[in-house]
Amino acid sequence: MNRFITKFVGICVLFASFVCSSAELPKVKASFLLTHEGFLIWYAEKQGWDKKLGFDLDLTINSYNGLALMKQYRNDPNTWNITCTAHVPFIMGGKDVLVEVIAIASDEAAATSVVALDNSDIFKTQGYDEYFPKVYGSPESIRGKTFAVKGISSGIYTLGRWLEIFGLGLNDVKLVKFPDSNISDELKKNKYHGSALWSPDLYDALKLGYKEAVTAKQLGETIPRTIKVDEKFGHANPELVAKFLAVFFKALQLQIDDVDSMVDDYQQFYKELAGKEYSKEVCLEDLNNHQVTALDTQIELFENKGHRRSWIQNLEKDLTSNTLIVLKSMDTNDIQISNRIKSQKYINGKYIKLAKKYFDML
């Protein structure tokens, strides 16, 4: 009996020691969207890779858009240490948001679309511009139509680039913005001719009878979702940021190596966090529609070549110019243009280099 009690007490001490040591792990607060990159970091946390590298990932998955994440930071810079958004909300809502771009989560151009009701006149014309033979629409069928959008986002940027093909701008259509609500519920009301969406909302719209008029990929666009770190936090905790990137890239690498193995977890991610059920076929399609780039390649993309800009600096410069041109006609209080766009010093490749050694430990 005494031996049993002694053994039981020993187990309790070990358990208490484990709990105590876990509680003492340094914490990284990450706030990601309910999208593909949110799934990757959720998957990494589920595998316990953060604990394996000696930190505690405090992850929040949000259903709104990237502009809201920028607002969160302005209201309280301690809300998150690391986040991920497309470039558009960072530029158009990044005023006083002191973050650095440290990695590319994915290019979701194939999963970002303008959709219209299936019976729309928009689908009577395809290839209006010979340079875009697969794109639907004509000036007459588009002008004056009402589009629901999820705030200032990559979706509205794609809509603007599509309109340019027909000599139109965002002021030639009616925009109704729903940044903080479930846009799928709004589309069910059938008050809107079309929408500009990314997954998973895109798949909800297709179920409701909408059809893709164009994808960002068909427009030749790149829609990168970039990982960003609070500048102050990153400079104070470079190794911790590198460890975060390592676990993210571990999940990303699995998508490259064996995407089929992630489908069940992708289904679970949306069911648990959004209450939405998608078929295995849709989940696999969406994973494949998010182009991801391995860690070693990204290290090269962040490298400055002599006195020339890195690949990622050139990409961000072009996207910034295009974003400001496309959205210049918009008049909204949501727009607070980043005061960092004049200098690309906010792009920092040091963390991704540091991540390599931790990636190899996983």
Whole-Hz couplings from phi, Karplus 6.51/-1.76/1.60, listed for region 357-362; x for Gly and Pro: 5, 6, 4, 5, 7, 7
Could you order Trp162, Trp49 so the one with the most accessible surface comes first? Probe is 1.4 Å. Trp49, Trp162
Cut-off under 5 Å, modelled amide H: who pairs with Lys27 long-range: Asp56
Nearest 10 degrees, 0 to 90: what angle lies between the long axis of helix 36-47 and the longest principal axis of the chain (Cα atoms)? 10
Shape call for region 201-345 from the C-alpha gyration tensor, a ≥ b ≥ c root eigenvalues: rounded (a/c under 1.5), prolate (a/b greater than b/c) or oblate? oblate
Straight-distance crosslink candidates among aspartates and glutamates, where the alpha carbon sits under 12 Å from Lys217 and sequence neighbours closer than 8 are dropped: Asp107, Glu108
Length gained if Asn314 through Glu239 is fully extended, taking 0.36 nm per residue and subtracting the Cα-Cα distance, is 24.3 nm
Just read off the accessible area of Val88 with the full protein assembly in place, 1.4 Å probe, to the nearest 10 Å². 10
So who's got an amide H within less than 5 Å of the one on Ile227, skipping anything under 5 residues away but keeping other chains? H placed 1.01 Å off N, in plane. Ile102, Ala103, Ile104, Ala105
Based on the alpha-carbon gyration tensor of region 96-222 and its eigenvalue square roots a ≥ b ≥ c, which shape applies: rounded if a/c is under 1.5, prolate if not and a/b is larger than b/c, or oblate? oblate
Hey, what do the phi angles of region 104-114 turn into as Karplus ³J(HN,Hα) couplings, whole Hz, using 6.51/-1.76/1.60 and θ = phi - 60°, x for Gly and Pro? 9, 6, 5, 10, 9, 4, 6, 10, 10, 9, 9
Quick one: in region 123-168, what % of C-alpha pairs are over 14 Å apart? 52
Quick one: which residues, 5+ away or cross-chain, put their amide H under 5 Å from the amide H of Leu33? H built at 1.01 Å from N. Gly38, Asn62, Cys84
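The values are calculated or read from the model by the stated rules, or taken from the named source; none is laboratory data. Here the structure is a predicted model, which means the values were calculated and not measured. Areas reflect the complete protein model, heavy atoms only, side chains present, ligands, DNA and RNA absent. Shrake-Rupley method; radii C 1.70, N 1.55, O 1.52, S 1.80 Å.
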